[in-house]
Amino acid sequence: MISFRSPFTHQMGWGRTNCSLGISLDNFEELPGVTQEVLSRGAIPSGRFRSYGDSALNSGGVNINSNKFKKIDIQTDKGIAICGSGVTIGELEFAAHLHGFLPAVVPGTGYVTLGGAFASDIHGKSQQSKGNFSDHVTQITLIDSHGIAHEYTSDSAEFKATAGGMGLTGFISELHILLEAVEIPVIYQKEIRVKSLKEMLSSLVKVENEFPFTVAWIDLSGKYHGRGVVTAGRYASKDEVRKKYNLDYRFQKHDKPITIPFLGRVNVMKKFMIRVFNSLWYHKPVKCGLISFRKFMHPLDSISNWNLLYGKSGFIQYQFVIPSLESDFLEEVLLILREFEISSAVTVLKKFGRGGSGYLSFPIPGWTLAMDFPAGTKNLSKAIEILDRKLIANGGRVYLTKDSLLNIDAMKNMYNELEEWKQMKRKMDPACFWQSDQSRRLELC
Ligand SMILES: Cc1cc2nc3c(=O)[nH]c(=O)nc-3n(C[C@H](O)[C@H](O)[C@H](O)COP(=O)(O)OP(=O)(O)OC[C@H]3O[C@@H](n4cnc5c(N)ncnc54)[C@H](O)[C@@H]3O)c2cc1C
């Protein structure tokens, strides 16, 4: 029997609303074997596909994955990690903690590669105190469309175009990352239940002097008044941990996440279930005390396939930032969701302290809100259209690594350094080899 194996493979964004069929490569040496027809669609670098939409997808073209770039060299004297772009945040955390260090900026999951973290210029619970991921990177090595490696330091325009540049300036192969010295990878966590949005905002502002890590979760089960839980954290000292556990705390090399079987066919996140889940979460006892660094930073990593809870159609994460510390805009957003009867399964609010260094970095000082909507929710596209318009009018923007719906005009109006970025794109990639489904949708190439 003749077996035929197609060279094309399926790739999906984390939200499972976008999928592509393309050629997947692990290194540049395989590029000459790709047909001209496929190469005419260019290539996009990819990591672990934790971006929600189509930024790591390249339908009909090539996808170059970083999973072979696994070097980790911790230089304890300089407090620096020199790493391959395919190393995940979780792997770096493990390697660094053995030497008394941790990365200063980590996202909500440890399954993100360092290349992906830089290309999206990610932020974490420490954004208001420590800025973005790229603020802690001193140098990158970027491979261009001819396979030539270039080193760029943080003061160069190429670095600024690549931080948050969604893989469209080249393939990051290596990064120099500044680490922070940490006594023990344990966090002292404080949770505060709040009854309204105003109370939530003032509570977030109040705790940030004492706690470098802050985040809030909003309950959308009831009247959409913004009640929820504020979570704040700071590193615990060795003494605090010893007093409690009478031993030294250690990371597990491999946390074993649970995989829920038979998920993916049915959408468990129906409106009723979302309300029940939100209400239970709001009423659960608030905790104050010690928690492992990983559990605090990556709470969802204990279930490997939670994105399948939304069934075949997947879900959309809509994350925006608004440059104001007043509550009016956020109240208006909640009102729009209530009017359209739209529920978000998980709604997360954070304060951003400073802007990103990249031309297309997402953060600007203000509030950022992330919401998870089951795809196909009635009136969702209408509501998002209204939100996009209001965001533009108020100087806000949508996060590109979560996006799958923005249009060209909205993008132009949201990212005010887009022209500077485009100039660098033309300089660094004149033939527009680096392209993705997202870049074609937003005319970024
Ligand atoms: C559960 C969960 C929680 C999250 N929490 C946060 C959070 O707290 N804060 C936050 O900011 N983000 C968060 N994210 C988003 C995530 O951090 C980003 O989408 C990140 O870019 C994903 O990394 P990845 O390795 O999976 O890259 P991919 O999803 O594979 O790619 C993302 C982008 O990076 C580019 N890219 C990847 N590798 C390279 C490379 N080697 N060279 C050049 N470009 C490259 C791709 O072209 C693409 O544009 C979260 C995502 C999930 C699923």
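Can you report the number of residues in region 165-207 which are among the polar types (S, T, N, Q) and more than 16 Å from the ligand (Cβ to nearest atom)?
Applying the first criterion (among the polar types (S, T, N, Q)) to region 165-207 yields 169, 173, 189, 196, 202-203.
Those still in the list that are more than 16 Å from the ligand (Cβ to nearest atom) too: 189, 196, 202-203.
Within region 165-207, residues that are among the polar types (S, T, N, Q) and more than 16 Å from the ligand (Cβ to nearest atom) number 4.
Taking only region 132-164 into account, find how many residues are on the phi > 0 side of the Ramachandran plot and away from the ligand (no atom under 12 Å from the Cβ). Spell out the reasoning first.
Residues of region 132-164 that are on the phi > 0 side of the Ramachandran plot, as a first pass: 147, 164.
Cutting the leftovers down to away from the ligand (no atom under 12 Å from the Cβ) gives us 147.
Residues that pass the stated criteria total 1.
Identify, by number, the condition in (1) over 15 Å from F433 (Cα atoms); (2) at pLDDT 95 or above that I64 doesn't meet.
(1)
Tell me yes or no: at least one residue of region 222-245 is modelled with pLDDT under 80 and in contact with a Ser or Thr (Cβ under 8 Å, 6 or more places away or on another chain).
yes
Quick check: is even one residue across region 366-373 acidic (D, E), more than 30 Å from S156 (Cβ to Cβ), within 12 Å of the ligand (Cβ to nearest atom) and crowded, with 22+ Cβ neighbours inside 10 Å? Talk me through it step by step, then tell me what you get.
First, the residues of region 366-373 that are acidic (D, E): 372.
Subsequent filtering for residues that are more than 30 Å from S156 (Cβ to Cβ) retains 372.
Then keep just the ones that are within 12 Å of the ligand (Cβ to nearest atom); that gives 372.
Going one step further and asking which of them are crowded, with 22+ Cβ neighbours inside 10 Å, we end up with 372.
Looking through region 366-373, at least one residue is acidic (D, E), more than 30 Å from S156 (Cβ to Cβ), within 12 Å of the ligand (Cβ to nearest atom) and crowded, with 22+ Cβ neighbours inside 10 Å.
If you check every pair at least six apart or on different chains, which have Cβ atoms under 8 Å apart with a residue in region 358-372 that is at positive phi first and a residue that is surrounded by fewer than 24 Cβ atoms within 10 Å (Cβ to Cβ) and assigned to a loop (DSSP other than H, G, I, E, B) second?
Qualifying pairs under 8 Å: G366/P323; G366/S324; G366/L325; G366/G396.
Given the criterion closer than 28 Å to L179 by Cβ and either basic (K, R) or touching a strand residue (DSSP E or B) at 6+ places or on another chain (Cβ under 7 Å) (or both), identify the matching residue among V62, V105, V112, V38.
Matching residue, one of V62, V105, V112, V38: V112.
State the number of residues belonging to region 165-177 that are within 16 Å of the chain's Cα centre (by Cα) and at positive phi.
Of the residues in that region, 2 qualify.
Is there a residue being within 14 Å of the ligand (Cβ to nearest atom), closer than 18 Å to G165 by Cβ and touching a Gly at 6+ places or on another chain (Cβ under 6 Å) anywhere in region 78-89?
Checking region 78-89: at least one residue is within 14 Å of the ligand (Cβ to nearest atom), closer than 18 Å to G165 by Cβ and touching a Gly at 6+ places or on another chain (Cβ under 6 Å).
Just give me the residues in region 61-74 being touching a Gly at 6+ places or on another chain (Cβ under 8 Å) and either touching a residue at least 40 places away in the same chain (Cβ under 8 Å) or within 9 Å of the ligand (Cβ to nearest atom) (or both), in sequence order.
Result: G61, V62, N63, N65, S66, N67, K68, F69, K71.
Just give me the residues in region 120-167 being assigned to a helix (DSSP H, G or I) and among the hydrophobic types (A, V, I, L, M, F, W, C), in sequence order. Break it down into steps so the answer makes sense when it comes.
Just the residues of region 120-167 that are assigned to a helix (DSSP H, G or I), to begin with: 127-130, 133-136, 157-162.
Matches in region 120-167: F133, A157, F159, A161.
Pairs under 6 Å by beta carbon, first residue within 11 Å of the ligand (Cβ to nearest atom) in region 287-305, partner modelled with pLDDT of 95 or more and among the hydroxyl-bearing types (S, T, Y), six or more apart or different chains?
H298/T109; D301/T109
Which ones in region 285-335 are aromatic (F, W, Y), under 23 Å from G110 (Cβ atoms) and either exposed (fewer than 15 other Cβ atoms within 10 Å of the Cβ) or in contact with a strand residue (DSSP E or B) (Cβ under 7 Å, 6 or more places away or on another chain) (or both)?
Matches in region 285-335: F293, F296, Y310, F315.
When you look at E37, is it within 16 Å of the ligand (Cβ to nearest atom) and among the charged types (D, E, K, R), yes or no?
Taking the combined requirement at face value, the residue does not satisfy it.
Applying the selection to region 272-293, what residues are more than 17 Å from I192 (Cβ to Cβ) and assigned to a helix (DSSP H, G or I)?
Listed by number, the residues that qualify are F272, M273, I274, R275, V276, F277, N278, S279, L280, F293.
For region 70-88, name all the residues that are crowded, with 22+ Cβ neighbours inside 10 Å and over 20 Å from the mean Cα position of the chain (by Cα).
Hit for region 70-88 is A81, nothing else.
Which residue pairs have Cβ atoms under 6 Å apart, sit 6 or more places apart or on different chains, and have a first residue in region 112-130 that is in contact (Cβ under 8 Å) with a residue 12 or more places away in the chain and a second that is assigned to a helix (DSSP H, G or I) and of a type in the set (A, V, I, L, M)?
Sorted first by the residue in region 112-130, then by its partner, the pairs are V112/I89.
crowded, with 21+ Cβ neighbours inside 10 Å, small (G, A, S) and within 11 Å of the ligand (Cβ to nearest atom), is that true of G15? Break it down stepwise before answering.
Working: crowded, with 21+ Cβ neighbours inside 10 Å: yes; small (G, A, S): yes; within 11 Å of the ligand (Cβ to nearest atom): yes.
Taking the combined requirement at face value, the residue satisfies it.
Part of a strand (DSSP E or B), touching a Lys or Arg at 6+ places or on another chain (Cβ under 8 Å), modelled with pLDDT under 95 and not assigned by TED's automatic domain parsing to the domain that holds V87 - does that describe any residue in region 4-21?
Scanning region 4-21, I find no residue that is part of a strand (DSSP E or B), touching a Lys or Arg at 6+ places or on another chain (Cβ under 8 Å), modelled with pLDDT under 95 and not assigned by TED's automatic domain parsing to the domain that holds V87, so the answer is no.
Which one is surrounded by the fewest Cβ atoms within 10 Å (Cβ to Cβ) among residues in region 382-427 that are over 20 Å from I322 (Cα atoms) and not charged (D, E, K, R)?
Q423
Quick one: is E385 without any contact (Cβ under 8 Å) to a residue 40 or more places away in the chain and not assigned by TED's automatic domain parsing to the domain that holds H123?
Yes: the conditions hold for E385.
The values are calculated or read from the model by the stated rules, or taken from the named source; none is laboratory data. Everything numeric in this text was worked out from a predicted model, so none of it was measured. Note that each Cβ is placed from the backbone with ideal geometry, even for glycine, and that neighbours are counted across all protein chains shown.
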